[in-house]
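The values are calculated or read from the model by the stated rules, or taken from the named source; none is laboratory data. These figures come from a predicted structure and were not determined experimentally. Cβ atoms come from the backbone with ideal geometry, glycine included; neighbour counts cover every protein chain shown. Surface accessibility is based on the protein's heavy atoms, side chains included, excluding ligands, DNA and RNA. Shrake-Rupley method; radii C 1.70, N 1.55, O 1.52, S 1.80 Å.
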Amino acid sequence: MEATKKTEEEGNENAEKVVEEEEFSASEIEYVSYGGEHHLPLIMGLVDSELSEPYSIFTYRYFVYLWPQLSFLAFHRGKCVGTVVCKMGEHRNTFRGYIAMLVVIKPYRGKGIATELVTRSIQVMMESGCEEVTLEAEVTNKGALALYGRLGFVRAKRLFRYYLNGVDAFRLKLLFPSPMSQSSLPIVADTDGSHWHNDHIPIEECSENTDILYLSVVIFNIKSI
């Protein structure tokens with residue numbers, strides 16, 4: 001049993017190395033919106049293997065059945081390599097979008113796939129009339145925090161021991177400008193392309209109702225993250 005397990009692990013590591021060494025263009029990645037029950041096991045498999053929080057099948061179905069247009073999957077040569085799952089609805093007199101799950105498997109990270117998945121979901125939220133988008137991310141997840149920072153999210157609150165593993169979370173928020181204010185708001189963007197650059201506003205300088213707005217057009221000018 002141990003020998004078999006070790007062989008399987010070595011095989012998986014070798015497969016990952018092949019993918020990492022293999023060059024592929026962005027055009028090879030196919031993005032599709034949630035298409036039905038056949039996509040559900042793919043989403044569950046990615047999330048269960050990569051995220052720290054366990055979810056039941058009912059949680060997945062809650063999101064993909066009610067908001068299928070907000071869930072996207074990324075494929076490379078027929079293999080599902082990433083997914084994003086979201087929802088939207090009324091929250092304290094605000095029509096809000098929410099990013100619940102975002103996963104890209106390790107060999108495909110840093111290729112712009114996560115950015116494309118999130119951008120597609122945010123685009124649908126904007127077109128559906130959302131005024132803002134929120135999510136939670138572990139304070140230790142530097143990659144995720146940097147990604148959302150480049151997309152214009154700010155830290156709105158620190159949630160202590162938010163996850164079952166005891167790790168704190170930052171609640172991140174992206175506010176869409178109203179049509180009346182778009183001409184007067186500054187455009188804020190990160191242009192240095194650094195994967196670990198973090199231009200969030202310090203948490204102590206933000207509040208749940210922060211009035212700092214980041215123009216949503218920023219996310220559509222980002223190339224490869």
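For segment 26-177, the share of accessible area belonging to carbon and sulfur comes to 51 percent (1.4 Å probe, ligands and nucleic acids excluded). D by Stokes-Einstein for segment 26-177, Kirkwood Rh over Cα pairs, 37 °C, 0.692 mPa s: 208 µm²/s.
Looking only at segment 84-100, which residues have a backbone nitrogen under 14 Å from a spot 7 Å from the Cα of L51 in the C-beta direction? Under 14 Å, as judged by backbone N against the label point of L51, lie 84-88, 98-100 of segment 84-100. Heavy-atom accessible surface of segment 99-164, averaged per residue, reaches 39 Å², computed with a 1.4 Å probe. Measuring against 23 Å, Cα to Cα, the residue pairs K111/K142; K79/K142; K87/K157; K106/K142; K106/K157; K79/K111 contain K79/K142; K106/K157 as the ones spanning a longer distance.
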